[in-house]
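Right, one structure below, let's go through it.
The values are calculated or read from the model by the stated rules, or taken from the named source; none is laboratory data. Remember, it's a predicted structure, so these values are computed and weren't measured experimentally. Ideal geometry is used to build each Cβ from the backbone, glycine not excepted, and the neighbour counts take in all protein chains shown. Protein only, heavy atoms only, side chains kept; ligands, DNA and RNA dropped before computing areas. Shrake-Rupley method; radii C 1.70, N 1.55, O 1.52, S 1.80 Å.
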Amino acid sequence: MKNRIRNKIGRTLCVISILLIASLLSACGKKENPQEEPDPGILLGFSQIGSESAWRVGNTNDIMKKAEEYKISLMFEDAKQKQENQIAAIRRFIAYKVDVIAFSPIVEDGWDNVLLEAKNAGIPVILVDRDISTEEEGLTTCLIGADFYQEGVKAGEYLIRKADSLGLDRVNIVEITGTVNSTPMRQRQAGFADAIAGDERMHVLESIDGDFIKSRGAECMKMFLEEYGDEIDVVYSHNDEMTLGAIPVIEEAGLVPGKDIVVISIDGGQDAIDVLKQGKINCIVECTPRLGKEVMETVIRLKNGETVEKTIHPDEAVFSDEQDLTKLGPRGY
Ligand code: AHR
């Protein structure tokens, strides 16, 4: 039955097109740790959120490159920032009887039904990058992604050190948050709030949803400046994209980002690192998009019937004006 379905023309075309993209990508890069005895039979269905940020594009490229290196056939679907597209993609993966499903959930809620369908079909599911919240336990096998709470903590700890070094006795903070109800939004906010909670100088004036998008980052910054003007000491932005949207708005208001307003960001893509080096961003907490290697190795383990770690967090750094950044190499995304 499985073999018959695998011969369906639609699926074959889809896999061939993905393999073509993957071989084009491989022509541009050297293989790292290729699997020695590849199992050409593994088919992975991957639903990506979209392409809202440089981080997301870097993550997509890494997933495709690693699938090719590990000789895993990839059915890749771009949800264009819509949860309903992700749910439809997962249903297609189930219909095609892929071996493993992986997806980066745009928000935490609303996955119970489709994941129950995957479970009933006997297909293991890996969460990549973001977490979910379900009523029933055991609908997914593991989560491979950053510790967003710790990222928020690192941002808060940097701010306390910065306030000390500037001798500030009151710190007015505005926060541009990521997509409402997404794991990075919730946890980056909570980690930051907890880190500064014991410091009486810290005051979060307002948090506005910037949806992880550059244009929204600019809009949020405009609203903050209209409301609070030069009372603002710090912008804490949940990703580089929104930070890069906010910086020109600060400049247009006649203020100097990095000096008049301390700017704290998360991710660490090349564009933001360049702006950090120019002194317009003070601190970037790293969030790495390079999750592909762990994903592919986990796919192989699941296909072999092995148990896998429940949570895998990559190691992540902090880049800031406290360091010599001249030796920081290219970021690759
Ligand atoms: O989930 C990871 C976040 O999503 C990254 O920080 C952001 O840039 C992306 O859009």
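Overview of results
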| item | result |
| --- | --- |
| Estimated [θ] at 222 nm from DSSP helical runs (n ≥ 4, -39500 (n - 2.57)) normalised by residues in the chain, nearest 500 | -13500 deg cm²/dmol |
| Heavy-atom accessible surface of region 148-287: percent carbon and sulfur, 1.4 Å | 47 |
| Sorted peptide list for 46-58, 309-321, criterion being average Cβ within 10 angstrom, highest first | 46-58, 309-321 |
| Solvent-accessible ranking of His203, His238, largest area first, probe 1.4 Å | His203, His238 |
| Mean accessible surface per residue for region 148-287, computed with a 1.4 Å probe while every protein chain stays in place, in Å² | 38 |
| Length-normalised contact order for the chain - Cα pairs under 8 Å, 6+ apart - percent | 17 |
| Whole-Å distance, taken between Cα centres, linking region 91-123 and region 280-333 | 25 |
| Candidate residues Thr179, Thr326, Thr134: accessible-area rank, largest first, probe 1.4 Å | Thr326, Thr134, Thr179 |
| Cut-off under 5 Å, modelled amide H: who pairs with Tyr333 long-range | Gln270 |
| Surface accessible to a 1.4 Å probe, Arg186 within the full protein complex, Å² | 100 |
| Set of aspartates and glutamates near Lys214 by C-alpha distance (under 14 Å), chain-local residues within fewer than 8 positions excluded | Glu52, Asp240, Glu241, Asp267, Asp271 |
